[in-house]
1. Figure the gain on full extension for residue 9 and residue 38 (residue separation times 0.36 nm, minus the Cα-Cα span) and round it to one decimal in nm.
2. Given the rule -39500 (n - 2.57) for each run of at least 4 DSSP H residues, summed and divided by the residues of the chain, what is its mean residue ellipticity at 222 nm, to the nearest 500 deg cm²/dmol?
3. Hey, with R₀ at 25 Å, roughly what FRET efficiency would residue 147 and residue 31 work out to, going by the Cβ-Cβ distance, to 0.05?
4. Obtain the nm distance between the two label points defined at residue 347 and residue 51 by a simple spin-label model: each point lies 7 Å from its Cα along the Cα-to-C-beta direction.
5. What share of Cα pairs, in percent, lie more than 43 angstrom apart in the chain?
6. Looking at the chain, what % of its DSSP beta bridges pair antiparallel, to the nearest 5?
7. Choose one of 286, 141, 249: the residue whose Cα lies farthest towards the positive end of the charge dipole of the chain (beta-carbon charges +1 Lys, Arg; -1 Asp, Glu; about the Cα centre).
8. Nearest-5 percent of antiparallel DSSP beta bridges in the range 70-306?
Amino acid sequence: MARAALLGARAERVLPGASERKGQMLSQFLTHLPRYVARADAALLTDVDGREFIDLMGAYGPNLLGHRHPRVERAAERQRHNGDTMGGLGTVTIELAEHVVDRFDPVDWVFLGKNGSDATSYALRVARHATGRSRVLIAEAAYHTAHDWGTMFPNGVPEPHRGLTSRYVYNDAESLRAAVDDVSGDLAAIMLTPFHQGFYERPQVATPSFVQAVHHEALRSGALVVLDDVRAGMRMHPSGASHERIGITPDIVCFGKAVANGRAVSICAGSDEVREAADAIGYLGTFFGSSVAHAACLETFRTFDEEGAFGRMLEIGERLSTGICQAARDADIAVEVTGYPTMAMVHVGHAPGPYLDHVWAAGMIRRGVLIHPTLAWYTCAALTDAQIDIVVERAADCFATDVAAEVAARHVG
Ligand SMILES: Cc1ncc(COP(=O)(O)O)c(C=O)c1O
């Protein structure tokens, strides 16, 4: 840990929030987390002290095909020889936009940004301009943006900026209806994530009846449906678009995280119905036209299709979940896996609260498997069968020793 500790001390001096972020890890058990990473290959991470980890967290979403996937890297490298941010757009940007329009339905136009927040904030601005209204509804504990309208960290955000955002309870049609009634007449958009996980909450997929309610409430109120697929995009449906999985036709859809396999690209896309509004707003960014990132994104889509990445990620998620549950049963430890196979979470023990989840995650990290106690895993298509077997073996050891010892010592579980 010598180099990590040194880097940690340096980071705290120059990166605001570095020490607070450490506090947010919330657990003495996570002192082994690889906070400073030297390199990443396929599904393996090596930290600055030379420790290797099988990466089940995928950089919290972006690692889709495997870190530094050769096809994506080659495409980026080819474009790098021609230029990256060049003032005018590169051909590849147009090719990417055309691909997205052909790929997703109902999509007739595309905005390209860098972070998911660029895309969701752009979507909201389009919705506001299209409807001539100002308010937006989001789910309690949903994370859509770092920007003032939706950040979950209130410090430094003036009340009027937050005041236009109201909340409903995810998967609760009654609460959505009440929230719509509350802001009646001024609702620009209902924002929905296909996959929801608030801090310390279990992940949930939007239920068919709730999706129906969103559709109904949007029609009733005249608001647009903005589907925020920044987190779940590429992980819930073979096309990459989760709205095809949950069964809704959004007016505007946002992608980010995984679409360029680790490079900074986000996408907001919509149909011709809202095209005039999209044309009318100004929303600029110095690096929004980065050709290298766009080449990586286009190649990520092609590789995802040609290598059957979605099916593989689903299979990996199912194998992990079956293997881990069996390992827990063998050690007489209760577990439950929630979420979606590609984005799932292991809950350990019967006791309320995440205590044993922390014990389990810390034990796995000590054994060289990167997993998080309060966030879902993100499978990447590069995880091999041999690595899955290793994860399951280490899980068995962790349940039989670390978790069993805690259960015995504290009479929890
Ligand atoms: C559902 C969702 N939307 C938007 C964002 C914001 O994306 P970014 O952090 O790239 O700005 C996130 C980030 O975690 C997210 O999970």
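1. Difference between extended and current length: 8.7 nm.
2. -13000 deg cm²/dmol
3. 0.15
4. That separation, rounded to one decimal, is 2.8 nm.
5. Taking all Cα-Cα pairs of the chain, the fraction more than 43 Å apart is 12 percent.
6. Expressed as a percentage, antiparallel bridges in the chain total about 60.
7. Highest projection toward the positive end goes to 286.
8. In the range 70-306, DSSP labels about 45 percent of beta bridges as antiparallel.
Every read-out reported here was derived from the displayed coordinates using simple, explicitly stated rules and does not represent laboratory data. Only a predicted model underlies this, so the values are computations on that prediction, with no experimental measurement involved. Here Cβ is always computed from backbone atoms with ideal geometry, including for glycine, and neighbour counts include all displayed protein chains.
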